[in-house]
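Reading through the structure tokens given below for one structure.
The values are calculated or read from the model by the stated rules, or taken from the named source; none is laboratory data. Here the structure is a predicted model, which is why all the values come from computation and not from measurement. Reconstructed Cβ throughout: ideal geometry from the backbone, glycine too, with neighbour counts over all protein chains shown. Quick note on the areas: whole protein, heavy atoms, side chains included, nothing else; ligands and nucleic acids left out. Shrake-Rupley method; radii C 1.70, N 1.55, O 1.52, S 1.80 Å.
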Amino acid sequence: MTSPAKSTWAGVLRTPVGAGAAGLLAAVLLLAVLAPLLWSDQASAVDTGRILEGPSGEHWMGTDGLGRDIFFRVLVATGLSVGLALLATAVGVGAGLLLGTAPMLLGRRAGRLVTAVVNIAVAFPGLLLALFFAVVFGVGATGAVLAIGFALAPAFARLAQTLVAKVAGLDYVAAARIAGLGRLRLLVRHVLPNIAEPLVVNATIAAGAALLTFSGLSFLGLGVQAPLYDWGRLLGDGLSSLYVHPAAALAPGTAVVVAGLAFNLFGEAIAKGIGMRTTPVLLRPRVRSAPAARPAVTGEQEPVLAVDDLRVAFPGSTPVRGVSFALRRGEAVGIVGESGSGKTLTALALAQLIEEPGEVSADRLDFLGRPLLDLPARERRHLLGTSFAMVFQDPMTSFNPTQRIGRQLAEVSEQHDGLTRGQALDRAVDRLQAVRVPAAARRAKQFPHEFSGGMRQRAMIGMGMMGAPALIVADEPTTALDVTVQRQVLRLLDSVRTADDVALLLISHDITVVRQFCERVLVMYAGRIVEDLPAADLPARARHPYTRALLAAVPDMSTDRERPLAVIPGRPVDPADVPRGCAFAARCPLADEQCTSADPPLVPDEDGRRVACWHADAVTGLPLVAEEVRVGE
Amino acid sequence: MTTLLTGVRPPRGFTGNAWTRFAARRLARLLISVWVLVTAAFLMIHLIPGDPVRVALGPTASPELVEARRAALGLDQPLWLQYVHYLGGLFSGDTGTSVGTGLPVSEVIADRLPATLELAGYAFLIAVVVSVPVGVGMAVLTRRGRRRKTELAFTSTSVVLGAVPEFLLAVGLVYVFGVQLGWVPVAGRSGLGSYVLPVLALAVGPAAVLARLLRVETLSVLEADYIRTARAKRLPDRIVYFRHALPNALTATITVGGLLLSAMVAGTVLVENVFAWPGLGTTIVESIIAKDYPLVQGIVLVYGTAVLLVNLAVDVALALLDPRSTIKES
């Protein structure tokens, strides 16, 4: 084995379960070797004067029908029980490997036949196969070893097939084949060593299963025959006298369970060690920074949504750090920023969809004039269910694959408006029509996988319109879609907004999309709004260096295609480790000492535009800056 | 998509075509499996090293008796003819005659099968009825690392219960409830009380395995986007968990449940022998030991067919639950 594999096995031994299982297994194996050597005489000593006695000082677990000591018999039986189980496993692994590698050794046609037979055999439970082979090989220990071995073989054949197929595709195996290595040598030299580890792990678990099956066969009288005895045999003999003398059945039974668990747990522990090597992530609490500036919520009309100092905290980080803004009826506002800037979490927080261990806090979070955070659960559910619509990023995964589309829309109205199933379905068809799903009545009966991506996203918008929405929050609604479909979906959102005076919060990393479909743009960076300005002011009047960098990174028709694409230098901030001062300072060409020492507040100007930058006034004159990086660097 | 092009109205979410193809494919697979099973059962006797009749009658039987028995069983004919006769017999419902009792095999099976079916059926029903709410409930309670201690207790209990083989559990149950407490009868099949222990012995292991699996599956489903959609619709938790999460968590559960049900069919053999249950399991063991090969053959066919039917049921259930898999395969 190579060294990383070794360290894995050592690592497994250091876990409590792994160490316990390994210790138990070692004890079982040691006992299997030593017990028959040490105590065979005591175990077979007949004492007709003391038949079926209970536990005593002389016989810890009493005696059996011939006055033999049960404790010693159980200990000695370890040898045969474990030995025969291992033998059966060896037969099973051997036969399985032969069958499993047959496709590789025998060539295509013969291999396929073997595979077909294995596929049928593997469907039958092991005990049934063992019974079948027990008939063929006859009653007795040898027959049982072969029977259980052959019963294990199909499963191992299947495993070997899968593993071999995986390895056979690797480059160096192909290279060895091209180099003219024979099939058998190829298998022994290059393939088997590479599949040894999972095979050994599975053989360990299979040995546990073989042990249990073997004791089952012996218990039924089909395995080990007198005068030999294993645990299954002892159990079968003891069962008849269970009323008089329970230890005679319970002791071998317990031994089987313990030994079986030892093999099983050890195998599982190793498998887990190989499969998922995880290191615990250390979480550390973060101190809350000073609250951000209050928004200037002005305007005659009551806003649909008013947010003040919204924060989303997880153990160890605060990815949204004080977001404040307001939305009027029918207004379209976009939130832009790189991934990880907190856009989506802000949307989920507004929708009250942040789950434990995430925590949402805000000085104010009013929807239609009602404080969401203080509303009783019932009222909040009804309010959000009828008036707050969400459109998620990936329409492929956002519908329940096991339910018809119409049903998924209809349940909104059943739940919140008390419609019957039929009425709700009618409304669902109506809404699907409204979002231009063709043949809506028929489509409503289909499952999500029968819809195209764009159609699903339209159905998702239709789902939001089942109630009477006052706000649609669309989180990257077109990212997962084809370019041609993107426009359609955005136009649909736009027409819904204008037709019903619905406010739209469009979250996107694409500043051009937002510029086109929104009246106002909020730019987010590291969990805060860094700039809030009318879309019409873009690109010329953007004042935050980050906004300008975002704009500069967008190629347009005038971009020189001979030159490399522009990107923003540096990396986005890790929400678990937000630096002191302005979070953008490390990537900002204008950063100075003030920027790295104090976080600039979000300050409104006389027109209501807001920006959080110490150098905001210096920026507008500068050209749009972004570093040029060659694609692929 | 095909529906759009052909304009065929899809029954239950399938295109008519996909359903037909699925049924045809699955039926073909079933027939081939049955043929392999029947052939294996036929060959079983011929694979026995030496002369099965000699083995059955013992070394002291006279050569004349052996020859007579061989002729009676048709074993003196060429192998292919025996195979043809065997197949022909199966088609006309003749599965041979039990050597031990002289009764037709089909009669013995008809007499014993109901007891076994009852045992397996009740056990599976109880395993499902217990494991579904427990598994989903545990997933909800222990989501995202909540209630670590509950999770640990549940996982370790279910691992241990799932690992104890049914016949040992049966012995334990007999000891505790039969011997120590004397609440229920421990042998035979008479009255409701006699069902309690055998059914429990068969049900506990699968229930533990299914509950553990359902918890893991539900946990991953609860992180899916469509669950977030369901929450965004402000549906009550009960509907989110049982209407939206559970059906999606069932795919793997039904697959494993099918395997467990097959294993339960085999498990009845052991459990019946612990409780002296008058079913097929006690009969097959008796007939293997008595070398009553026609009866063994017949019972092997019954068990094998039961397993094949369970697999068929699983595939149909999966296709109904997750129409995508059917479409994808065809």
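When the residues of segment A:214-246 are narrowed to those that are within 10 Å of another protein chain (Cβ to nearest Cβ) and aliphatic (A, V, I, L, M), which ends up most open to solvent (accessible area, probe 1.4 Å)?
Checking each candidate, the answer is A:V244.
Kindly indicate which of A:A503, A:A439, A:A434 is in contact with an Asp or Glu (Cβ under 6 Å, 6 or more places away or on another chain) and hydrophobic (A, V, I, L, M, F, W, C). Talk me through it step by step, then tell me what you get.
Working: A:A439 fails: in contact with an Asp or Glu (Cβ under 6 Å, 6 or more places away or on another chain); A:A434 fails: in contact with an Asp or Glu (Cβ under 6 Å, 6 or more places away or on another chain).
Result: A:A503 is the single residue among A:A503, A:A439, A:A434 that is in contact with an Asp or Glu (Cβ under 6 Å, 6 or more places away or on another chain) and hydrophobic (A, V, I, L, M, F, W, C).
Residues that are open to solvent by 20 Å² or more (accessible area, probe 1.4 Å), at least 1 per element: which strands (runs of 3 or more DSSP E) completely within segment A:460-548 meet that?
Hits in segment A:460-548: A:520-525, A:528-534.
Restricting attention to segment A:141-158, does a residue exist that is open to solvent by 40 Å² or more (accessible area, probe 1.4 Å), over 26 Å from B:V285 (Cα atoms) and assigned by TED's automatic domain parsing to the domain that holds A:A85?
Yes.
Quick one: A:W60 ticks every box in (1) within 14 Å of chain B (Cβ to nearest Cβ); (2) of a type in the set (F, W, Y); (3) open to solvent by 50 Å² or more (accessible area, probe 1.4 Å) bar one, so which box is it?
Answer for A:W60: the failing condition is (1).
Which number in (1) surrounded by fewer than 19 Cβ atoms within 10 Å (Cβ to Cβ); (2) on the phi > 0 side of the Ramachandran plot marks the one condition that A:R108 misses?
(2)
Quick one: A:L372 ticks every box in (1) away from chain B (no Cβ under 13 Å); (2) farther than 25 Å from A:R515 by Cα bar one, so which box is it?
Single failed check for A:L372: (1).
From (1) surrounded by 22 or more Cβ atoms within 10 Å (Cβ to Cβ); (2) modelled with pLDDT of 90 or more, pick out the condition that doesn't hold for A:D363.
That leaves (1) as the condition not met.
Okay, residues lined up against (1) under 30 Å from A:L212 (Cβ atoms); (2) more than 14 Å from every other protein chain (Cβ to nearest Cβ); (3) touching a Leu at 6+ places or on another chain (Cβ under 9 Å); (4) open to solvent by 60 Å² or more (accessible area, probe 1.4 Å):
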site	(1), (2), (3), (4)
B:V84	no, yes, no, yes
B:S98	no, yes, yes, no
B:V129	yes, yes, no, yes
B:G135	yes, yes, yes, no
B:A139	yes, no, yes, no
B:R148	no, no, no, yes
B:T155	yes, no, no, no
B:L168	yes, no, yes, no
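How many residues are facing chain B (nearest Cβ under 7 Å) and in contact (Cβ under 8 Å) with a residue 60 or more places away in the chain when one looks only at segment A:392-420?
4
If you check every pair at least six apart or on different chains, which have Cβ atoms under 7 Å apart with a residue in segment B:17-38 that is farther than 23 Å from B:V300 by Cβ first and a residue that is small (G, A, S) and open to solvent by 30 Å² or more (accessible area, probe 1.4 Å) second?
B:A18/B:S330; B:R21/B:S330; B:F22/B:S330
When B:E286 is evaluated against the numbered criteria (1) in contact with a helix residue (DSSP H, G or I) (Cβ under 7 Å, 6 or more places away or on another chain); (2) open to solvent by 10 Å² or more (accessible area, probe 1.4 Å), which criterion, by number, is the only one it fails?
For B:E286, the exception is condition (1).
For segment B:86-191, which helices (runs of 4 or more DSSP H) that fit wholly inside it have 3 or more residues that are free of Cβ contacts under 8 Å to residues at least 40 places away in the same chain and within 30 Å of A:E356 (Cβ to Cβ)?
B:105-141, B:148-163
Which of the residues belonging to segment A:577-597 are in a loop (DSSP other than H, G, I, E, B) and either of a type in the set (F, W, Y) or surrounded by 15 or more Cβ atoms within 10 Å (Cβ to Cβ) (or both)?
A:V578, A:G581, A:C582, A:A583, A:F584, A:C588, A:L590, A:A591
So B:L246 fits all but one of (1) at the interface with chain A (Cβ under 9 Å from one of its Cβ atoms); (2) under 30 Å from A:E414 (Cβ atoms); (3) open to solvent by less than 30 Å² (accessible area, probe 1.4 Å); (4) among the hydrophobic types (A, V, I, L, M, F, W, C); what number is the exception?
Only one criterion in (1) at the interface with chain A (Cβ under 9 Å from one of its Cβ atoms); (2) under 30 Å from A:E414 (Cβ atoms); (3) open to solvent by less than 30 Å² (accessible area, probe 1.4 Å); (4) among the hydrophobic types (A, V, I, L, M, F, W, C) is unmet by B:L246, namely (1).
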